[in-house]
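Just so you know, all these numbers are worked out from the coordinates, no wet-lab data involved. As the structure is a computational prediction, the values presented were derived from the model and not from experiment. Please note: Cβ atoms are built from the backbone with ideal geometry, for glycine as well, and neighbour counts cover all protein chains shown.
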Amino acid sequence: MSDAHDWPLYEIFIRARGGLDHKHVGSVHAVDATMAVEHARDVYTRRQEGVSIWVVRSGDIVASDPAESDSLFEPARDKIYRHPTFYDIPKEVETL
Amino acid sequence: MYTQGLLEQGSKTVTVAAVEDAERLQRFEAKIDAEEKIEPKDWMPDAYRQTLIRQISQHAHSEIVGMLPEGNWITRAPTLLRKSILIAKVQDEGGHGAYLYSAAETLGISRAEMIDQLLAGKAKYSSIFNYPTLSWADIGAIGWLVDGAAIMNQIPLCRCSYGPYARAMIRICKEESFHQRQGYDIMLKLARGTVGQRRMAQDALDRWWWPSLMMFGPPDGASQHTALSVRWKIKRFTNDELRQKFVDFTVPQAKFLDISVPDPDMRWDEAAGQHRFGEINWAEFHEVLKGNGPCNRERLTARRNAHDAGRWVREAAAAYAAKHTARSVAAA
Amino acid sequence: MSARADAGVTVAVPDRVRHLLRIADTSLVLAQRLGEWVGHGPAIEEDLGLANTALDLLGQARLLLAYAGELEGRGRSEDALAFLREEADFLNATLAEQPNGDFGDTIVRQFLIDAYQLELYEQLMTSADPRLAEIAAKAVKETRYHLRFSSAWLVRLGDGTAESHGRVQGSLDRLWPFTRELFDADNLDRAIAVAGIGPQLAALGAAWSARVDAVLAEAMLRRPAASPYRWYGKQGLHSEHLGYLLADLQHLQRTHAGASW
Ligand SMILES: [Fe+2]
Ligand SMILES: [Fe+2]
């Protein structure tokens with residue numbers, strides 16, 4: 001009964017409105033990118049949820065390793081001087 | 001939804017003892033306690049992964065099998081608007097199945113494997129879809145009661161600790177409220193309609209009431225694994241809590257329709273501030289889950305037929321894509 | 001439309017209504033067929049795709065039927081026209097009522113009608129009848145997508161495996177004879193064209209042919225020979241399949257006369 005394999009998996013990214021970034025919404029199975037766009041349209045935009053669709057083969061996505069989170073993202077934590085709120089500017093100084 | 005009661009049915013004993021790495025477990029649980037989401041590549045105990053795979057895939061199967069009883073009435077819907085609504089509704093359920101299979105696949109199981117389990121009769125899906133749809137009022141009753149029960153179950157799942165499942169549930173919950181309202185709208189029309197239509201409405205409530213209550217799964221006393229699922233925030237309320245809430249919401253809605261809930265023991269308990277209802281026929285529930293409900297065979301056969309009849313189509317599309325990839329590589 | 005120059009010519013209301021019903025019924029009957037697929041497609045995503053097409057076609061049918069009812073002026077609503085007309089009063093193209101068969105049959109039927117409807121709606125956008133032009137302008141966008149979907153599948157099946165190629169060529173051979181009706185103009189078609197309400201069917205047929213041939217070539221499919229037999233669904237003379245389809249469609253309205261839903 002089993003199909004030896006399913007159609008490949010594509011990750012779907014949708015721009016909800018002009019001006020917004022594409023956002024990951026899920027995945028579809030499709031034989032190629034053309035079909036993946038069609039499937040994404042039917043699966044993820046039945047209620048006008050999008051104005052643009054990106055599809056990417058799931059296998060082509062390279063992700064950072066959660067186990068390395070500490071070394072990847074922790075070093076940014078103590079660089080609080082990068083944020084504007086770090087600086088106390090006297091009230092008298094305007095438009096800064 | 002469609003899984004809470006089932007979760008315990010098929011599961012082997014799920015114990016934390018199986019987890020070897022105490023430190024990683026501790027970090028995992030700390031994250032859950034802090035209401036942070038677990039994401040696909042994060043470490044998770046195997047029991048957590050297996051529980052989720054089982055729950056999400058059962059949920060997905062329920063959406064897909066659930067298309068059949070309602071799809072049964074698409075060609076016979078009584079107006080063109082009702083037909084459009086029903087197609088859109090059943091189509092949404094297919095979409096829910098797609099979102100959920102997609103969420104489950106992030107846990108390392110393929111959709112093909114999950115579908116094979118369903119077609120082999122090894123996976124469970126909600127017992128409710130093994131009952132027949134005999135009249136147009138059944139389409140109303142399903143939207144009102146079955147989707148209503150689904151919503152009750154699914155809203156807490158939007159806060160489930162597993163990110164992809166929680167996100168799929170948020171998308172699904174947005175769509176479910178249309179389902180429930182269109183169902184109640186059908187019931188309203190029938191309840192205010194001709195004698196024949198009112199009879200249809202009452203008959204549908206008579207047949208769908210008890211199976212709807214069963215959708216929440218076995219009573220808490222008989223449900224062994226709730227504790228771990230609650231601790232890991234896969235599940236946030238017990239079966240009985242949700243069932244009670246459903247009854248309290250639904251009984252006044254039936255009254256408004258002027259049709260009666262088929263339960264002689266139903267009464268309002270002033271002191272407790274909730275409805276008391278009669279004994280659920282758990283023997284029937286377990287029989288339906290085991291495959292002995294009125295339509296179990298039909299439903300699985302329909303899914304198998306669709307799968308088998310579609311094989312040459314899926315193969316053709318794959319062959320076409322392979323040829324064209326090869327051609328464009330050769331051309332490059 | 002070039003026939004706009006003749007827009008002074010008028011067509012009697014009953015004929016205009018019949019013309020609208022031909023377009024409306026083709027969409028309605030095809031939507032009814034596609035509705036049978038929901039839950040039974042070869043993949044979940046295909047189920048959703050076919051359902052989307054069905055919903056668009058139903059939407060077109062509703063707009064056209066509502067307009068036909070108003071134009072007729074006898075108080076018939078879209079539902080009265082859909083659920084209470086008899087078989088001989090349905091004026092859909094015979095092709096639309098052909099059974100779903102396998103997925104290949106459905107795709108071929110869909111492709112042939114999508115290509116026809118796209119040419120038709122593009123022409124109707126400049127109809128001398130502004131209401132019809134408005135409906136066509138909405139429908140043309142939907143139809144462009146339908147054709148994209150059905151063409152893509154026809155090509156995949158035609159140029160897929162040996163099995164799929166054989167199957168879909170068979171579907172094409174079986175369904176091809178029903179296409180002649182689409183472009184053989186009768187008196188009504190001619191009057192509509194002269195009045196600038198609808199296109200010249202011969203010209204429509206030529207454009208359709210070119211479009212279809214291009215996709216068939218890409219799909220490695222052979223165009224069947226012209227059929228000696230012509231169907232007359234658009235005049236109410238159908239194949240045996242429509243009666244069953246209407247029995248399903250109309251069952252509730254007929255059983256509960258006068259009820260509202
Ligand atoms: Fe659903
Ligand atoms: Fe639903």
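Key figures
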quantity: Restricting the stretch B:225-332 to GluC sites (Glu not before Pro) in coil, as DSSP defines it, with at most 11 other Cβ within 10 Å; calculated: B:GLU270, B:GLU279
quantity: Whichever lysines have a C-alpha closer than 17 Å to that of B:LYS235, once near sequence neighbours (fewer than 8 apart) are set aside; calculated: B:LYS31, B:LYS37, B:LYS245
quantity: Helix-only [θ]222 nm of chain C, DSSP H runs n ≥ 4, -39500 (n - 2.57) each, per residue, nearest 500; calculated: -21500 deg cm²/dmol
quantity: Backbone HN-Hα couplings from phi across the stretch B:265-273 [Karplus 6.51/-1.76/1.60, Hz, Gly and Pro as x]; calculated: 8, 5, 8, 8, 9, 4, 4, 7, x
quantity: Using distinct alpha-carbon pairs, which all enter the 1/r mean, Kirkwood radius of chain C in Å; calculated: 18.7 Å
quantity: Cut-off of 10 Å, at most 14 other beta carbons, DSSP loop: longest stretch of chain B lacking such trypsin sites (Lys or Arg not before Pro); calculated: B:193-332
quantity: Cα coordinate range in the protein assembly as shown, projected on the principal axes (Å, largest first); calculated: 84, 72, 70
quantity: The stretch C:7-65 - percent relative contact order, Cα under 8 Å, separation 6 or more; calculated: 44 percent
quantity: Where only alpha carbons of chain B are counted, the Rg and the Dmax (Å); calculated: 21.3, 79
quantity: Under the span-like rule (Cα at least 24 Å along the axis, Kyte-Doolittle mean at least -1.0), DSSP H helices of chain C; calculated: C:13-35, C:44-72, C:103-124, C:130-158, C:201-218
quantity: Summed residue charge, Cβ within 13 Å of B:GLU35's Cβ, Lys/Arg positive, Asp/Glu negative; calculated: +2
quantity: For chain C, the longest site-free run once GluC sites (Glu not before Pro) in DSSP loop states with at most 16 other Cβ atoms within 10 Å are removed; calculated: C:87-239
quantity: Two-decimal log10 I(q)/I(0) for the stretch B:283-332, as the Debye equation yields it once each C-alpha is a single scatterer, q = 0.16, 0.30, 0.31 Å⁻¹; calculated: -0.62, -0.98, -1.01
quantity: Span per principal axis, largest first, for the Cα atoms of the stretch B:81-127 (Å); calculated: 41, 23, 16
quantity: Neighbour net charge for B:PRO156 - beta-carbon separation under 11 angstrom, K R +1, D E -1; calculated: +4
quantity: For chain A, the fraction of alpha-carbon pairs in successive 10 Å shells from zero, as %; calculated: 13, 26, 21, 21, 13, 5, 1, 0
quantity: Centroid-to-centroid separation of the stretch C:22-40 and the stretch C:179-204 [C-alpha atoms, Å]; calculated: 23 Å
quantity: Calculated FRET efficiency for the pair B:TRP282/B:VAL230, C-beta based, R₀ 25 Å, to 0.05; calculated: 0.70
quantity: B:ASP185-C:ASN100 pseudo-label distance in nm [points 7 Å out on the Cα-to-Cβ vector]; calculated: 2.5 nm
quantity: The stretch C:13-255: relative contact order as a whole-number percent, Cα under 8 Å and 6+ apart; calculated: 25 percent
quantity: Chymotrypsin sites (Phe, Trp or Tyr not before Pro) within the stretch C:36-127, DSSP loop, no more than 16 other Cβ atoms inside 10 Å; calculated: none
quantity: Coil-residue GluC sites (Glu not before Pro) of the stretch B:26-112, DSSP, other Cβ within 10 Å capped at 11; calculated: B:GLU35
quantity: Gap separating the Cα centres of the stretch B:47-70 and the stretch B:169-208, nearest whole Å; calculated: 24 Å
quantity: Over the stretch C:131-184: Kirkwood hydrodynamic radius from C-alpha pairwise inverse distances, Å; calculated: 13.2 Å
